[in-house]
Amino acid sequence: MGCQYFEPCEDGADTFTIAIPKMTFGRNCLHEAGIRASALGMTRVALFTDPFLKDGAYVASVSAALAQAGLDVDIFGEINIEADDLSVERGAAFIADGDFDGMVSVGGGSVMDTAKAAMVYGLYPTAEFLDYFAPPLGAGKAIPGKLLPHLACPTTSGTGSETTSLSVLRISDLNTKFVLGNPLLLPQEALIDPVCCDSLPARVVASTGFDLLCHALECYTAKAYTRWAKIEDPLKRPLIQGANPWSDLAASKALEIVGEYLDRGVNNADDHEARDQLMFGATLAGMAFGNSGTHLGHALSYGVTHLMRDVTTDGYPVASPFVPHGISVIVSAPAIFRYTAVAAPERHFEAAGYLQSDLQGATKHDSGEIIAKRIIELMKKTGVPNGLEGVGFGAEDVAALAVSTVRQVRAIANSPRETNLVDIENIYAAAMSY
Ligand SMILES: [Fe+2]
């Protein structure tokens, strides 16, 4: 079934590249941080975390493990809840002044993404922040050399940043998010310890779980890599290269995990099996999207975080306006997959099956509706905002949301269905409430 999706296309790519770090998964594996950091050659470590975790148990156990292995540690905790250029600039100054030979990050996507970018700007300062970003936004400058070895320790079950060569950053001047992607950003190792999810509030498990769901679903339904242009220079093959047989493996398993465990993991903090599985699923989905790219779910989420106002989500101790990343993605998702399914009905049908949708009597022609229904069902079971109206938007915002989103050129081009500004307006209009 999968093979047909990757049929050769004239002038299309016939090769894909996969990059992932060495990974360790298991309860209490954070205790391995010292031995593993030492084996990576670290002697003086920059430990990046956020203000909420800084004085908590996970940072304490990682610090203790590093000290026990004889490593010198300095902690940097001034990271905003959404990774942004301001956090990166502070982190870069910390790196530039610290004479470090290793990076250990302990936190969610914001912490890991800030750690990656702070090494870039701390080691290789540049006059313009956007220089290292891809055109048309940035200058597409090459990062001049290697970064520090990086041991990433995720503390939520969503982002998958521990497995990717990407850093998603809010650019404060533009008030929106863009992706810095470069193979040099890939962490060398990850320690994925599901104990970190035991005490997460339900709302955080829901948001990060929907992020994981969309990573996996967007990867699985992304444009096939064979439909992207062939790249002559192998070192210039993009990370956002489209769905491929390898990303399919990780994405399909991640979808099964979300389908089975999201409701349980959100609604019962004592359900360790569910939360452990979601942590594993997040890493799988990260391995998938880091090597295929997401598409409209993430592209449209950036319009939401760009233009949000007077809104916060329960479970996040931050000032308005704030919509957690996973919520910003999921609010448009049912409308998006109704729209994309017509271009790849079999793929969407398979994905609906992995998500444990009710397929009785259905055919691939119903796949958009089936997948939308299943996502809405999961949204209702986990109590997340019901569509764009649930995070403060109305019909009058559609045009501005769409204009903001069309800047996400590569992600939109990774959609299985060719998508223009009017299409994006129509999707937002259909995503107000379900
Ligand atoms: Fe995401």
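The values are calculated or read from the model by the stated rules, or taken from the named source; none is laboratory data. Small disclaimer: the values here were computed from a predicted structure and weren't measured. Please note: Cβ atoms are built from the backbone with ideal geometry, for glycine as well, and neighbour counts cover all protein chains shown. Protein only, heavy atoms only, side chains kept; ligands, DNA and RNA dropped before computing areas. Shrake-Rupley method; radii C 1.70, N 1.55, O 1.52, S 1.80 Å.
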- How large is the accessible surface per residue of the chain, computed with a 1.4 Å probe and reported in Å² as a whole number? 38
- Task: Compute the acute angle (0 to 90°) between the alpha-carbon long axis of helix 202-221 and the principal axis of greatest extent of the alpha-carbon atoms of the chain; round to the nearest 10°.
- Result: 60
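Net charge near Gly394, counting Lys/Arg +1 and Asp/Glu -1 over other residues with Cβ under 13 Å of its Cβ? Write out the running numbers ahead of the final one.
On the way: positive: Arg309; negative: Asp310, Glu389, Glu396, Asp397.
So the environment of Gly394 carries a net charge of -3.
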- Residues of region 217-253 with amide N under 17 Å of a point placed 7 Å along Cα→Cβ from Gln356: 217, 252-253
- Item | Residues listed by number, region 93-137, amide nitrogen under 13 Å from Lys236 label point at 7 Å toward C-beta | 135
- Taking the chain as the reference, fit the longest principal axis to its C-alpha atoms, fit the long axis of helix 245-267 to the helix C-alpha atoms, and give the angle between the two in degrees, 0 to 90, nearest 10. 90
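For region 34-88, what is Rg from Cα atoms divided by 2.2 N^0.38 Å, rounded to two decimals?
Details: Rg = 12.1 Å, N = 55, 2.2 N^0.38 = 10.1 Å.
Compared with the compact-globule rule of thumb, region 34-88 sits at 1.20.
With charges only on Cβ, +1 for K and R and -1 for D and E, what is the dipole size of region 1-117 about its Cα centre, in debye, rounded to 20?
Details: 7 positive and 18 negative charges, 149 e Å.
Its charge dipole is roughly 720 debye.
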- List, in order, the whole-Hz ³J(HN,Hα) value for each residue of region 69-76 obtained from phi through the Karplus relation with A = 6.51, B = -1.76, C = 1.60 and θ = phi - 60°; use x for Gly and Pro. 7, x, 8, 8, 10, 10, 9, 10
- Restricting to lysines and to Cα separations under 21 Å from Lys381, and discarding same-chain partners fewer than 8 apart, the set is Lys373
- Just going by the charge dipole of region 129-218, with Lys and Arg at +1 and Asp and Glu at -1 on Cβ, which of Cys214, Ser199, Ser157 is farthest out on the positive end? Cys214
- Item | Set of aspartates and glutamates with alpha-carbon distance to Lys380 below 20 Å, sequence-local pairs under 8 removed | Asp211, Glu256, Glu260, Asp263, Asp271, Asp314, Asp358, Glu369, Glu389
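Over 21 Å between C-alpha atoms is what I'm after, so list which of Lys141/Lys223; Lys116/Lys141; Lys22/Lys253 land there. All intermediate terms of the calculation are to be shown ahead of the outcome.
Working: Lys141/Lys223 27 Å; Lys116/Lys141 16 Å; Lys22/Lys253 19 Å.
From Lys141/Lys223; Lys116/Lys141; Lys22/Lys253, over 21 Å: Lys141/Lys223.
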- With charges only on Cβ, +1 for K and R and -1 for D and E, what is the dipole size of the chain about its Cα centre, in debye, rounded to 20? 420
- Residues with amide H under 5 Å from that of Asp84, placed H, sequence gap 5 or more: Arg170
- Message: Above 30 Å lies some portion of the pair distances; for the chain, what is it as a whole percent of all C-alpha pairs?
- Response: 38
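Rounded to the nearest 500 deg cm²/dmol, what is the calculated helix-only ellipticity per residue at 222 nm for the chain, with -39500 (n - 2.57) per DSSP H run of length n ≥ 4? Please report the intermediate quantities before stating the final value.
Working: 16 runs with 188 residues, N = 434.
The per-residue figure over the chain is -13500 deg cm²/dmol.
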- Query: Taking a quarter of the surface of the Cα convex hull of region 187-261, what do you get in nm²?
  - Reply: 6.6
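Give me the percent of Cα-Cα pairs in region 292-353 that sit more than 14 Å apart, rounded to a whole number. Don't skip to the answer; put the middle values down first.
Working: 1179 of 1891 pairs.
Across region 292-353, Cα pairs with separations above 14 Å total 62 percent.
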- Item | In Hz, Karplus ³J(HN,Hα) per residue of region 153-164 (6.51, -1.76, 1.60; θ = phi - 60°; x = Gly, Pro) | 10, x, 10, 10, 10, x, 5, x, 4, 4, 10, 10
- Query: Working out 0.36 nm times the residue gap between Ser320 and Val409, then minus their Cα-Cα distance, what length gain in nm do you get to one decimal?
  - Reply: 29.2 nm
- Message: If you take every DSSP beta bridge fully contained in the chain, what fraction is antiparallel? Give it as a percent rounded to 5.
- Response: 25
- Query: What's the local net charge at Ser199, with K and R +1, D and E -1, over the other residues with C-beta under 14 Å away?
  - Reply: -2
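Of the heavy-atom accessible surface of the chain (probe 1.4 angstrom), what whole percent is carbon and sulfur? Write down the numbers at each step before the final one.
Working: 8770 of 16490 Å².
Percent of accessible area from carbon and sulfur atoms in the chain: 53.
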- Task: Note down the accessible area of His325, probe 1.4 Å, to the nearest 10 Å².
- Result: 50
- Using a 1.4 Å probe and ignoring any ligands, DNA or RNA, find the accessible area of Lys236 and quote it in Å² to the nearest 10. 140
- Query: Given H placed 1.01 Å from N in the peptide plane, which residues other than close sequence neighbours of Phe48 have an amide H under 5 Å from its amide H?
  - Reply: Phe76, Val104, Ser105, Val106
- Message: Taking the Cα centroid of region 270-317 and of region 380-420, what is the distance between the two, rounded to the nearest whole Å?
- Response: 15
- With all protein chains present and a 1.4 Å probe, the order of Leu284, Leu66, Leu40 from largest accessible area down is Leu40, Leu284, Leu66
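Can you tell me how region 254-308 classifies by the Cα gyration tensor, rounded, prolate or oblate, using a/c under 1.5 as the rounded cut?
Numbers: a/c = 3.07, a/b = 1.57, b/c = 1.95.
Since a/c reaches 1.5 but b/c is at least a/b, the shape of region 254-308 is classed as oblate.
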- Message: Below 14 angstrom from the Cβ of Ser320, what's the summed charge of the other residues (Lys, Arg +1; Asp, Glu -1)?
- Response: -2
